[in-house]
Amino acid sequence: MSLKKELLECLQIKDKNERQISIAGIITKALEPIGITPVVVGGAAVEFYTLGQYATMDMDFVGIINNEMKEIMAGLGFAKEGRYWRIPATDIMVEFPSDRLAPGSGGGTLEGPEFKGMGQDIDGSPL
């Protein structure tokens, strides 16, 4: 099955958090062959981490922005609208606000003992 078809099927998922996580996975899978590994950041990362307890309107990714990436996003069915990539006639909006996680750009990691036991993986197991 093509990734575009998978993405279109994801649009039928009723649970917003599950739908967004599935779409993020498809975007990641689509960009891997060209060496881009996007990282979910911002409100979408918080929404995923809190299992939907926080809501955002878009998904922010950090990843390389080049012509190949733009072609892949268009091939998945996204149309560029200002700073967003949007699937027309849906509420699915994606933004790539930066091409790198860097000190001072809001990037960071959740490592260390103070974060142990916080959150859970998609299968429900503790992180």
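Give the residue list of chymotrypsin sites (Phe, Trp or Tyr not before Pro) in the range 31-93 that are DSSP loop and have at most 16 other beta-carbon atoms within 10 angstrom. Within the range 31-93, the qualifying chymotrypsin sites (Phe, Trp or Tyr not before Pro) (loop, at most 16 other Cβ atoms within 10 Å) are Tyr54.
Near Met59, the amide H atoms lying under 5 Å from its own belong to Met93, Val94, Glu95; only residues 5 or more places off or on other chains count, and H is placed 1.01 Å from N. Within a straight-line Cα-Cα reach of under 20 Å, Lys70 can be paired with the following lysines, leaving aside sequence neighbours fewer than 8 residues apart in one chain: Lys4, Lys5, Lys29, Lys80. With a cut-off of 10 Å between beta carbons, the residues surrounding Gly52 carry a summed charge of -2, where Lys and Arg count +1 and Asp and Glu -1. If the chain linking Ser2 and Glu32 were pulled fully straight, counting 0.36 nm for each residue of separation and taking away their Cα-Cα distance, it would gain 9.3 nm. Annotation note: GluC sites (Glu not before Pro) in the range 35-72 located in DSSP loop regions with a Cβ neighbour count of at most 16 within 10 Å are absent.
Taking a label point 7 Å from the Cα of Leu101 along the Cα→Cβ vector, which residues of the range 5-24 have an amide N closer than 19 Å to it? Hits in the range 5-24 for Leu101 at 19 Å: 21-22, 24. Sparsely packed loop sites in the range 1-104 (the trypsin sites (Lys or Arg not before Pro) outside DSSP H, G, I, E and B with at most 14 other Cβ atoms within 10 Å) comprise Lys14, Arg83, Arg100.
Coordinate-derived values only; no laboratory data. Computed from a prediction, not measured in an experiment: that's the story for all the values here. Cβ atoms come from the backbone with ideal geometry, glycine included; neighbour counts cover every protein chain shown.
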